[in-house]
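Here's the structure we're looking at; comments come further down.
The values are calculated or read from the model by the stated rules, or taken from the named source; none is laboratory data. Values in this document were obtained by computation on a predicted structure and should not be read as measured data. Note that each Cβ is placed from the backbone with ideal geometry, even for glycine, and that neighbours are counted across all protein chains shown.
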Amino acid sequence: MNTLCLSAADPQAAPIAAKIIREGGLVAIPTETVYGLGANGLDEQAVAKIFEAKGRPQDNPLILHVARPEEMERFCHHIPKEAYLLAEKFWPGPLTIVLPARDIVPKRTTGGLSTVAIRCPASEVTREMIRLAGVPVAAPSANISGKPSTTTAQHVLHDHDGRIDAVIDGGACSVGVESTIVDLTEKPARLLRPGGITPEQLTEVLGELTIDEAVTSQIDPTKVVKAPGMKYRHYAPAASVVIVSGSREKAAEYVHRYFEPGDRVLCFEEELPLYADCDPLSYGRESDVNTLSAGLFDALRILDDPQIHRVYARCPEGGGVAYAVQNRLKKAAAFHIVDAEAAL
Ligand code: AMP
Ligand code: MG
């Protein structure tokens, strides 16, 4: 199969991609979070192709993308007022809401669950494609399962060239980490995955928010969990990743003590001079956390090289978007964190 590469700037991109979706094909779509691998979310056979292309476990549900917030009512029922409040404030945008699914949503899409995760993405070309297709588009991140997510069309082609029908190239994703997922089927609402919409922003609207344990700790893969995607190892390059916490100086001292040939350092731009002799890679500025979220997956992909043995990574502290960066990096590290202050 020849994978068609469509430019988001081309007025024909949305109509061509919409036709592929209607005919049951796979289109990788740009969004503000990461590139998704999309198919007609109401067509079981089309959805099955997503799982096959990604090598994704069948019980890991997909997110249903809609062109307009009002479409939530077509696919969900028993919608609490909080869902409308969140949709009004954060859609189109990087927030996914989990609600009870209507029967029209196939079990393939929901991974067998009675709930569905729904989102209205910000990307204009993607929303236009969904509108023209006339069906909701089910899409997980477009990476091969377990690998760092895709934040450019080049990442998508690296993983799927010749195996999917098309990709729409909309440039690099602005947020760079997957959407925030909030489950509104229980009270208080539960944060299943942090992202570009922060816990602080959600709490402002919802009053109360429970943080699921899958956000902050390694989950036993045999356990039944609320967010099935969170139990699998994720976002990981081939090398083992170790997060080194503590002050700049102590962390650099720790890394220099244990660094061996074949290791790499993933750090903030401000820290590059401290690791000049360790072949460091920066993923953004500590002083601007949005550059870290936008740069994280590209950096993890560069480090996904069998020659690299270990990656010592620096992780931002605090809440807001830093909370999402911490979550992805900790998962990539399988929660292997050393405190340089205590270890030295
Ligand atoms: P991805 O964006 O590739 O990580 O895939 C979609 C994510 O949404 C996965 O982590 C899923 O576990 C999560 N998800 C999708 N549907 C549901 C649902 N009904 N309940 C909880 N989590 C969901
Ligand atoms: Mg994913």
Do the conditions hold for PRO199, that is, is it in contact (Cβ under 8 Å) with a residue 24 or more places away in the chain and within 30 Å of ALA101 (Cβ to Cβ)? yes
Where in region 150-240 are there helices (runs of 4 or more DSSP H), lying fully within it, with 3 or more residues that are under 20 Å from the mean Cα position of the chain (by Cα) and either more than 15 Å from ligand 1 (Cβ to nearest atom) or at pLDDT 95 or above (or both)? 153-160, 199-206
Selected residue (criterion: surrounded by the fewest Cβ atoms within 10 Å (Cβ to Cβ)) from residues of region 56-73 that are away from ligand 1 (no atom under 11 Å from the Cβ) and either of a type in the set (A, V, I, L, M, F, W, C) or within 15 Å of THR109 (Cα to Cα) (or both): GLN58
Considering each of LEU113, LEU26 in turn, give the residue that is of a type outside the set (Val, Ile, Thr) and farther than 19 Å from ASP169 by Cβ. LEU113
When you look at GLY262, is it of a type outside the set (Asp, Glu), in contact with a Leu (Cβ under 6 Å, 6 or more places away or on another chain) and not in a helix (DSSP H, G or I), yes or no? no
Only listed residue being among the acidic types (Asp, Glu) and more than 16 Å from ligand 2 (Cβ to nearest atom), chosen from ASP277, ASP304: ASP277
Being touching a residue at least 24 places away in the same chain (Cβ under 8 Å), within 13 Å of ALA252 (Cβ to Cβ), buried (at least 17 other Cβ atoms within 10 Å of the Cβ) and not polar (S, T, N, Q), is that true of even one residue in region 289-311? no
Name the single residue, out of those in region 139-161 being touching a strand residue (DSSP E or B) at 6+ places or on another chain (Cβ under 6 Å) and more than 22 Å from ALA239 (Cα to Cα), that is farthest from ligand 2 (Cβ to nearest atom). ALA153
Helices (runs of 4 or more DSSP H) contained in region 26-102 and holding at least 3 residues closer than 20 Å to VAL156 by Cβ and away from ligand 2 (no atom under 16 Å from the Cβ): 44-54
Test: ALA17 is outside any loop (DSSP other than H, G, I, E, B), more than 21 Å from VAL105 (Cα to Cα) and more than 13 Å from ligand 1 (Cβ to nearest atom): yes
Would you point out which residue out of VAL125, VAL135 is assigned to a loop (DSSP other than H, G, I, E, B), out of contact with any Ser or Thr (no Cβ under 7 Å at 6 or more places or on another chain), away from ligand 1 (no atom under 14 Å from the Cβ) and within 24 Å of MET1 (Cβ to Cβ)? VAL135
Go through region 20-43 and report how many residues are closer than 22 Å to ASP103 by Cα, touching a helix residue (DSSP H, G or I) at 6+ places or on another chain (Cβ under 6 Å) and within 16 Å of ligand 1 (Cβ to nearest atom). 2
By my count, helices (runs of 4 or more DSSP H) wholly in region 266-344 with at least 1 residues that are modelled with pLDDT under 95, among the aliphatic types (A, V, I, L, M) and closer than 22 Å to ARG193 by Cβ are 321-332
Go through the residues of region 238-252 one by one and say whether even a single one is under 30 Å from THR3 (Cα atoms) and out of contact with any helix residue (DSSP H, G or I) (no Cβ under 7 Å at 6 or more places or on another chain). yes
